[in-house]
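Below is one structure, written out as structure tokens; the observations come after it.
Every read-out reported here was derived from the displayed coordinates using simple, explicitly stated rules and does not represent laboratory data. These numbers come from a predicted model, not from an experiment. Cβ coordinates were reconstructed from backbone atoms using ideal geometry, including for glycine residues, and neighbour counts include every protein chain displayed.
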Amino acid sequence: MIKRTKLDALFSKYIKLRAGGYCQFDSKFFGVRSRGLHCAHCFSRGRRLVRHHPDNAVALCYYHHMYLDHHPLEKAEFFLGKLGTKKYMALKRLADKTTKEVPLDLEKTEQLLKEQILFLEEK
Ligand SMILES: [Zn+2]
């Protein structure tokens, strides 16, 4: 397992806030603070360049998170449907790159996530 960082926690909060606390598979409401709602990645957290990318995750309930993680084709279809082909392919290309090709800027990512969270919490 990959260790969960402070930035992962921030990203997870952002994803759940953006979803308004709903499972994005079946629109069931859980609430942004519910343990039953997860931040689910399209390309795994091991792909460092997309680990905290807004297109690379949705809020899913435990059941749909597990379901999609065990059904890769349906998972790809689900994210394709959410993002559209263009965004999905761009995300995939970025996921396949290394941090040598595209340097990571974790400080900038943290700053952007904090701004987004503040914005969403004010709504
Ligand atoms: Zn669900």
Residues of segment 30-65 being assigned to a helix (DSSP H, G or I), of a type outside the set (Asp, Glu) and either touching a His at 6+ places or on another chain (Cβ under 8 Å) or more than 10 Å from the ligand (Cβ to nearest atom) (or both), in sequence order, are 48, 49, 50, 54, 56, 62, 65
Those residues of segment 92-109 which are closer than 18 Å to residue 58 by Cα and either surrounded by fewer than 12 Cβ atoms within 10 Å (Cβ to Cβ) or touching a Leu at 6+ places or on another chain (Cβ under 7 Å) (or both) amount to 94, 95, 109
A careful count of residues in segment 83-111 that are among the basic types (Lys, Arg), touching a residue at least 12 places away in the same chain (Cβ under 8 Å) and farther than 17 Å from residue 44 by Cβ gives 1
A careful count of residues in segment 49-91 that are within 17 Å of residue 9 (Cα to Cα) and either small (Gly, Ala, Ser) or exposed (fewer than 13 other Cβ atoms within 10 Å of the Cβ) (or both) gives 2
* **Boolean, residue 26 is free of Cβ contacts under 8 Å to residues at least 40 places away in the same chain, away from the ligand (no atom under 16 Å from the Cβ) and either under 19 Å from residue 79 (Cβ atoms) or in contact with a His (Cβ under 9 Å, 6 or more places away or on another chain) (or both)** => no
